[in-house]
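Novice: Sharing a structure with you now.
Just so you know, all these numbers are worked out from the coordinates, no wet-lab data involved. Since this is a predicted model, take the numbers as computed values, not measurements. Every residue, glycine as well, gets a Cβ built from its backbone with ideal geometry; the counts of neighbours run over all protein chains shown.
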Amino acid sequence: MRKPIIAGNWKMHKTASEAAVLVKELAPLVAGSDKVTVVVCPPATALAKTAESLANTGIHLGAQNTHWEAQGAYTGETSLGMLKELCVEYVILGHSERRQYFAETDETVNLKTKATLAAGLVPIVCVGETLEEREAGTTEARVGSQVRAGLAGLTAEQVAGLVIAYEPIWAIGTGRTASSADANAVCAFIRATIAEVFGRAAAEAVRIQYGGSVKADNIAELMAQSDIDGALVGGASLDANGFSKIVNF
Ligand code: PGA
């Protein structure tokens, strides 16, 4: 019942003109993949050009971050109104790189999630444990607290409509994917946490992606799991051919 959602997180790659080239290559390769919601998330400077290139392709546009305020003296930041005008529909929030390098906290993720929903866009809220936390057996404690804090104060209806990306930090960009069983166990735990806080209907509806070294050759097994509804793809989304194989798993 949950429509799978596969999103490419281009991170700090691709100028506007390079983004247009990638979309031009990608669009015909994923045309007709209406069983999957396909999203690309270029850097902010390439959003406008990418939006133009995506016209009539069926591919959706996402941003990699936002500020929660509508406007103001926040040098270097981008607001949801600015993103909306560029046809952005999804916003990645709380990616581990933003938590690690740019002081993103559960509190700012919560402010951004609320603002994104209020603006009518769909948050992709990222959670995930470090290698130390996994080895110490505290994965569920960490991920559970990120989910509870990141979504605090939302209604069940709001939670039903958003996307959560489970990305174990040790699997991002390392070539080391979580086994599909391990990834599914944490996604199922996230769904159980949502059920506890927001009720069964929200838990059944919320889409949970796995992210971390997803590639053409591991996507099918991940997607076959009961609680994995899609993928957030970094490195492998920068190649049209490779990303199209993931979308067409
Ligand atoms: P990766 O990145 O696919 O390159 O591991 C995933 C992500 O950070 O979203």
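Novice: How large is the convex hull of the C-alpha atoms of region 49-114 per residue, in Å³?
Specialist: For region 49-114, the hull spanned by Cα atoms encloses 103 Å³ per residue.
Novice: How big is the Rg/Rh ratio for region 113-164, C-alpha atoms only, Rh by Kirkwood, two decimals?
Specialist: The Rg/Rh ratio comes out at 1.07.
Novice: Report the net charge of residues surrounding C87, where surrounding means a beta-carbon distance below 14 angstrom and charges are Lys +1, Arg +1, Asp -1, Glu -1.
Specialist: Summing Lys and Arg as +1 and Asp and Glu as -1 gives -1.
Novice: So how long is each side of region 1-107 along the principal axes, counting just the alpha-carbon atoms, biggest first, in Å?
Specialist: On the principal axes, region 1-107 reaches 42, 34, 23 Å in Cα extent.
Novice: When the chain is fully extended, how far beyond the present Cα-Cα distance does L111 get from R200, taking 0.36 nm per residue of separation?
Specialist: 29.6 nm
Novice: Just want to confirm a number: the relative contact order over the chain, from Cα pairs under 8 angstrom separated by 6+ residues, in percent. Walk me through the intermediate numbers first.
Specialist: Details: 498 pairs, mean separation 52.8, N = 249.
Once normalised by length, the contact order is 21 percent.
Novice: Determine the dipole magnitude for region 147-249: charges of +1 sit on the beta-carbon of Lys and Arg, -1 on that of Asp and Glu, nothing else is charged, the reference point is the Cα centre, and the result goes in debye to the nearest 20.
Specialist: 80
Novice: With N denoting the number of residues in region 124-206, provide Rg(C-alpha) divided by 2.2 N^0.38 Å, to two decimal places.
Specialist: Working: Rg = 12.7 Å, N = 83, 2.2 N^0.38 = 11.8 Å.
Relative to the rule-of-thumb radius for its length, region 124-206 sits at 1.08.
Novice: Related question: Just how many % of Cα pairs in region 1-41 lie over 17 Å apart, if you round to the nearest whole percent?
Specialist: 36
Novice: Provide the packing ranking of 203-210, 217-224, 151-158, i.e. peptides ordered by the mean count of other C-beta atoms within 10 Å per residue, highest first.
Specialist: 203-210, 217-224, 151-158
Novice: If you don't mind, another one. Starting from the Kirkwood Rh over alpha-carbon pairs, what translational D in µm² s⁻¹ does the chain have by Stokes-Einstein at 37 °C and 0.692 mPa s?
Specialist: On the way: Rh = 17.9 Å.
It comes out at roughly 184 µm²/s.
Novice: Please work out how much length the chain gains when fully extended from T138 to Y101, using 0.36 nm per residue of separation minus the C-alpha to C-alpha distance, in nm with one decimal.
Specialist: Contour length minus Cα-Cα distance gives 11.1 nm.
Novice: Can you give the charge dipole size of region 53-101 about its Cα centre, rounded to the nearest 20 debye, using +1 on the beta carbon of Lys and Arg and -1 on the beta carbon of Asp and Glu?
Specialist: With only Lys, Arg, Asp and Glu charged at Cβ, the dipole is about 100 debye.
Novice: Based solely on its DSSP helices, what 222 nm [θ] is calculated for the chain when runs of n ≥ 4 H residues each add -39,500 (n - 2.57) and the sum is averaged over all residues, nearest 500 deg cm²/dmol?
Specialist: Calculated at 222 nm, the ellipticity per residue is -12000 deg cm²/dmol.
Novice: For region 49-178, count the residues as N, evaluate 2.2 N^0.38 Å, and divide the Cα radius of gyration by that value, please.
Specialist: Working: Rg = 15.5 Å, N = 130, 2.2 N^0.38 = 14.0 Å.
After normalising by residue count via 2.2 N^0.38 Å, the value is 1.11.
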